[in-house]
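Read through the structure below, which is laid out as C-alpha cells, and then see the notes.
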Amino acid sequence: MKPSSVTDLLFNQLSFRSDRQKIISSNISNINTPGYKTKDLVFESELKKVDNDKDLKMFATNSKHITSTMDLPKMNQANLVELKGLQEQNDGNNVNLDTQMSEMSKNKVIFDALQSSIKKDSRLMRSVVESSQKN
C-alpha cells in the first residue's frame, strides 16, 4: 500500500536526482579528459514543454472520449544530453568545475528535500494505520 498519491512521483524524482548526481560526478571526474563534453539529464525542460504547449490539454465532454494521448511512461524518463554552447578549453573539454559543483550542491538540496518529503509521507501513513488500530 502506498502512503499517498504522490509517493510514486517522489520516488521517481528521487531516482532522477540520484542519476543526475552520477552524471555530474562523471563530468567532474572527466574535467581533464581532452575532448570531453559536459553532459546532463534533462527532465524539467520536458515538463516545461508539456506545460507550455496548450495543444496537449484535452477535455473529455463525454465518458466515451479518450482522456489523453500523451505517452505517460515516456514523460517520466530523463534524457541524457550533451550541453551545447559552453566555453571550451584548448583541448576541446568544456567542463566547468564551479558550475558542476554548484549543480551538485543544488541537486543534493533537492535530493534531501525529497527524502524528507518521503519520510513525512510515510509517517503520516503510519499514524493513520496506528490510529485505526486503536479503534
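For this structure, a couple of remarks:
- Distances between placed amide hydrogens fall under 5 Å for residue 39 paired with 83, all partners being 5 or more residues away or on another chain.
- Net charge of neighbours whose Cβ lies under 15 Å from the Cβ of residue 92, counting Lys and Arg as +1 and Asp and Glu as -1: 0
- Taking 0.36 nm per residue of separation and subtracting the current Cα-Cα distance, fully stretching the chain between residue 84 and residue 61 would add 3.9 nm.
- For 105, 117, order by how many other beta-carbon atoms lie within 10 Å, fewest first: 105, 117
- Whole-Å semi-axes of the ellipsoid equivalent to the range 76-135 (Cα gyration tensor, √5λ, descending): 45, 12, 5
- Inter-label distance, residue 126 to residue 98: 4.4 nm, where each label sits 7 Å from its Cα along the C-beta direction.
- Among the listed pairs 108/134; 84/108; 84/120, those whose Cα-Cα separation exceeds 30 Å are 108/134; 84/120.
- Sparsely packed loop sites in the range 73-135 (the trypsin sites (Lys or Arg not before Pro) outside DSSP H, G, I, E and B with at most 15 other Cβ atoms within 10 Å) comprise 84.
- Highest average packing first - 89-95, 22-28, Cβ atoms within 10 Å: 22-28, 89-95
Where a number appears in this text, it was derived from the coordinates with a stated rule and is not lab data. What you see is a predicted model, and the numbers here were worked out from it, not measured in a lab. A quick note on method: Cβ atoms are made from the backbone with ideal geometry, for glycine too, and the neighbour counts reach across all protein chains shown.
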